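A short reminder: the numbers here are calculations on the coordinates, not readings from a lab. Worth saying up front: this structure is predicted, and the values here are computed from it rather than measured. Cβ: placed from backbone, ideal geometry, glycine included. Neighbour counts: every protein chain shown.
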Amino acid sequence: MAYNHKVELSKPERFAPGQRLCAGCGAGIACRAIMRALDEGDKAVVCNATGCLEVSSFTYPCTSWEDSYIHAAFENAPAVCGGVEAAYNVLRRKGQLDETYKFICIGGDGGTYDIGFQSLSGAMERGHDMVYFCYDNEAYMNTGIQRSSSTPRFANATTTPVGSVSTGKKQDKKDLTAIMAAHHIPYVAQTTFLGNFKDLHEKAHRAIYTPGPAFVNVMAPCPRGWQYPAELLPQICKMAVETCVWPLYEVVEGRWILNYVPKKKLPVEEFLKLQGRFKHCFKPGNEWTIESAQKYVDEKWEQLQERCASN
């Protein structure tokens, strides 16, 4: 399905305005695009893990969701979504339901990379016809900006604070998109907010309408945790892609496809300097942190290019 900006923006909102997410939050932007990727007439069941999105969009008796919505626990949202999909199939076989439903599970990085990973892995391996979207803001933002396994190395978080003996988180970010590709599911993708959202929309639509399990990882910056003014969100996403910190790619039936190659790959500091969580990296004596981050990004980018070229 080709992306038509006017057509997509003319669709009724299925993630309604009025939620309580912060200005400049990527989660709400991701959800608007994800729900807009549904074909008109199709219904959806949305299962949402505990997190910023859940507490800000669904506070009983109010909701921002126009489709059926289930709030699951931090650790079991994919299992709940898979259970609903299985029940739907039983009702269809019995002739008790003939409407078309799509099953969408959404969680932040804490509920995806960490606490919910076992449930996610199980749901994907079992082959449920569902799609899991991770809005990746790289920390436990809802509970105080604690580090997660998605938090990049050197980031300042409340549990990896920067100080006289620390330069932030010591470990590199977990490569969850590649881990999900290793599950050999039909569709895996990585995306973020660029331009007119063409990449995000097309991948969301492809994931939703791919038979079987699918996974999409969406970089969704957090203004509080990443420490940037709200209006810089588009620039941060752009720099993440142009520096190859967050490459745009997909894995279709095991085939790795690189969706975007920068005309001129920018140095990693163009991404880091926009965020307060990395400001210590630019202090005298900490030059090595930027050099180390650049080396890591270069190695990952080369590995990705090799994977995509080998197909």
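General remarks:
- Integer Hz, Karplus 6.51/-1.76/1.60 couplings in order for the stretch 243-249, x for Gly and Pro: 8, 6, 5, 10, x, 9, 8
- The loop-placed trypsin sites (Lys or Arg not before Pro) in the stretch 222-291, going by DSSP, that have at most 16 neighbouring Cβ atoms within 10 Å of their Cβ come out as Lys263, Lys264, Lys265, Lys273.
- Taking every C-alpha pair closer than 8 Å and separated by at least 6 residues, the mean separation divided by the residue count of the stretch 4-144 gives a relative contact order of 26 percent.
- Nearest-ten-degree value, helix 117-126 long axis tilted from longest Cα axis of the chain: 40 degrees
- For the chain, calculated [θ]222 nm from helices alone, where every DSSP H run of n ≥ 4 adds -39500 (n - 2.57): -10000 deg cm²/dmol
- Distant-in-sequence amide H partners of Ala155 (H built 1.01 Å from N, under 5 Å): Lys169
- For a straight C-alpha distance cut-off of 23 angstrom, the lysines reachable from Lys198 (same-chain residues fewer than eight places away being disregarded) are Lys6, Lys11, Lys43, Lys102, Lys238, Lys263, Lys264, Lys265.
- HN-Hα J in Hz across the stretch 35-45 - Karplus 6.51, -1.76, 1.60, θ = phi - 60°, x for Gly and Pro: 5, 5, 6, 5, 5, 5, x, 7, 9, 9, 10
- Karplus-derived 3J(HN,Hα), 6.51/-1.76/1.60, for each residue of the stretch 254-264, Hz, glycine and proline x: x, 9, 7, 10, 8, 8, 8, 10, x, 4, 9
- Rounded Å value of the spacing that divides the Cα centres of the stretch 81-145 and the stretch 1-57: 16 Å
- Gaussian network model of the chain, springs between alpha carbon atoms under 10 Å - residue of Ala189, Ala16, Ala87 with greatest fluctuation: Ala87
- Per residue, the Cα convex hull of the stretch 106-173 amounts to 74 Å³.
- For the stretch 5-309, DSSP calls about 35 percent of its internal beta bridges antiparallel.
- Relative contact order for the stretch 5-309, counting Cα pairs under 8 Å that sit 6 or more residues apart, in percent: 16 percent
- Distance between modelled label sites at Leu266 and Glu125, nm, 7 Å Cα→Cβ extension: 4.1 nm
- Angle in degrees between helix 77-93 and the longest Cα principal axis of the chain, rounded to the nearest 10: 20 degrees
- Restricting the stretch 71-163 to GluC sites (Glu not before Pro) in coil, as DSSP defines it, with at most 11 other Cβ within 10 Å: Glu99
- Where trypsin sites (Lys or Arg not before Pro) fall in DSSP loop in the stretch 141-173, at most 13 other Cβ within 10 Å: Lys170
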